[in-house]
1. Can you pull out the residues in the stretch 203-252 that are of a type in the set (S, T, N, Q) and in contact (Cβ under 8 Å) with a residue 24 or more places away in the chain?
2. For the stretch 48-113, which helices (runs of 4 or more DSSP H) that fit wholly inside it have 3 or more residues that are modelled with pLDDT of 95 or more and surrounded by 20 or more Cβ atoms within 10 Å (Cβ to Cβ)?
3. Being farther than 28 Å from CYS88 by Cα, within 15 Å of ligand 1 (Cβ to nearest atom) and among the polar types (S, T, N, Q) narrows it down to one residue among SER229, SER188, SER196, SER161; which is it?
4. Restricting to the stretch 88-101, name every residue that is more than 14 Å from ligand 2 (Cβ to nearest atom) and either touching a residue at least 12 places away in the same chain (Cβ under 8 Å) or of a type in the set (A, V, I, L, M, F, W, C) (or both).
5. Collect the residues in the stretch 197-247 that are farther than 24 Å from GLY179 by Cα, among the acidic types (Asp, Glu) and open to solvent by 30 Å² or more (accessible area, probe 1.4 Å), keeping them in residue-number order.
6. Going by what's in this entry, would ARG66 be described as within 14 Å of ligand 2 (Cβ to nearest atom), in contact with a Cys (Cβ under 7 Å, 6 or more places away or on another chain) and among the basic types (Lys, Arg)?
7. Tell me, which strands (runs of 3 or more DSSP E) lie completely within the stretch 124-210 with 2 or more residues that are at pLDDT 95 or above and farther than 23 Å from HIS63 by Cα?
8. Of the numbered conditions (1) within 15 Å of ligand 2 (Cβ to nearest atom); (2) polar (S, T, N, Q); (3) over 20 Å from ILE53 (Cβ atoms), SER175 satisfies every one except a single condition; which is it?
Amino acid sequence: MSSLVPLDPSLPPFLQPYLPRDVSDSSFPFILLTWAQSLDSRISLEPGVQTIISSKQTKTMTHYIRTQFSGILIGIGTFLADDPGLNCRYGNANSIRPIIVDPHFRSREKLKTSRLVRQVNEKTGLVPIILIDENLKDSVCSLGDFLKGTVQLEFLPTDNSGRFNWTRLFQRVRSIGIGSVMVEGGGSIINNLLLSKRENGEPIIDAIVVTIGPRFLGAKGTEVSPLHSVELKDRKWWAGDCGDAVFAGRVA
Ligand SMILES: NC(=O)c1ccc[n+]([C@@H]2O[C@H](COP(=O)([O-])OP(=O)(O)OC[C@H]3O[C@@H](n4cnc5c(N)ncnc54)[C@H](O)[C@@H]3O)[C@@H](O)[C@H]2O)c1
Ligand SMILES: Nc1nc(=O)c(N)c(NC[C@H](O)[C@H](O)[C@H](O)COP(=O)(O)O)[nH]1
């Protein structure tokens with residue numbers, strides 16, 4: 001496990017307005033959408049290929065942000081590509097709950113040898129939650145002792161195209177006791193969530209934090225570009241001596 005460089009002291013005050021507020025009286029968690037992209041808006045060299053974009057300084061920032069959240073959500077594409085840790089390696093905090101959006105339970109085999117499960121066994125990470133299409137409930141339960149105690153399976157309804165409704169998904173996450181969720185990608189999840197609204201028409205996400213690495217990844221890369229335009233408000237930039245810039249804002 002690589003150790004982190006010290007946190008730049010200008011980052012906590014920069015990030016503070018975009019970090020969780022109290023949601024104890026709400027049925028919805030606070031949601032931050034965050035990712036690292038190239039100058040040409042790519043988050044990996046190719047779909048399914050893990051690509052390091054953040055510098056050491058902004059990697060520490062990501063782990064600092066993780067200390068502020070109770071859940072961290074990714075899509076199955078990211079789980080399969082990155083075998084991520086999704087734990088918190090800044091300070092002594094080890095209290096963030098991994099959540100994987102995996103309607104067809106494609107993680108089934110890889111979980112057994114994954115970092116996520118290894119960390120649970122080594123007590124360096126919390127039990128991950130896997131969100132699965134409820135139509136698979138009977139077949140998945142018949143797996144018996146499969147990964148017992150090292151993963152938590154949650155079953156949710158899907159629509160005609162096999163997708164979860166984001167509002168329902170986050171309400172379920174909140175009902176499990178998770179009051180704040182940091183969404184780290186990948187491309188499909190980011191593009192989708194940037195456009196998603198709650199039942200009252202408000203954006204699903206409360207804030208976005210984007211690291212921009214000074215390189216191009218090329219046209220084969222996984223692209224962040226929602227289907228239509230998204231206006232942002234409360235916009236701020238941070239630039240470090242590492243060469244990265246960080247954008248923070250909210251969907252207008
Ligand atoms: N640079 C970064 O910050 C960053 C962050 C995360 C991932 N990545 C990279 O992104 C790539 C993965 O991105 P991706 O777009 O292929 O995968 P993804 O992680 O976005 O997962 C996509 C899958 O999630 C599921 N999904 C998405 N929305 C859903 C919904 N509403 N309901 C049900 N299921 C839903 C579907 O099965 C879909 O195929 C990898 O190469 C990874 O390394 C980069
Ligand atoms: N901030 C950030 N910079 C990057 O350059 C990059 N590739 C990711 N990608 C996000 C994705 O969620 C990864 O899977 C985790 O960043 C894996 O990292 P961990 O093992 O959890 O520390 N995130």
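1. Listed by number, the residues that qualify are THR211, THR222, SER225.
2. 56-67, 76-82
3. Matching residue, one of SER229, SER188, SER196, SER161: SER161.
4. Within the stretch 88-101, GLY91, SER95 qualify.
5. Selection gives GLU223, GLU231, ASP241.
6. Answer is yes for this residue.
7. The strands (runs of 3 or more DSSP E) meeting that bar are 129-133, 152-156.
8. Going through the list (1) within 15 Å of ligand 2 (Cβ to nearest atom); (2) polar (S, T, N, Q); (3) over 20 Å from ILE53 (Cβ atoms), SER175 breaks only (1).
The values are calculated or read from the model by the stated rules, or taken from the named source; none is laboratory data. Note that this is a predicted model, so its numbers are computed, not measured. As a convention, Cβ positions derive from the backbone with ideal geometry for all residues, glycine included, and neighbour counts pool all protein chains shown. What goes into the accessible areas is simple: the full protein's heavy atoms, side chains included, and nothing from ligands, DNA or RNA. Shrake-Rupley method; radii C 1.70, N 1.55, O 1.52, S 1.80 Å.
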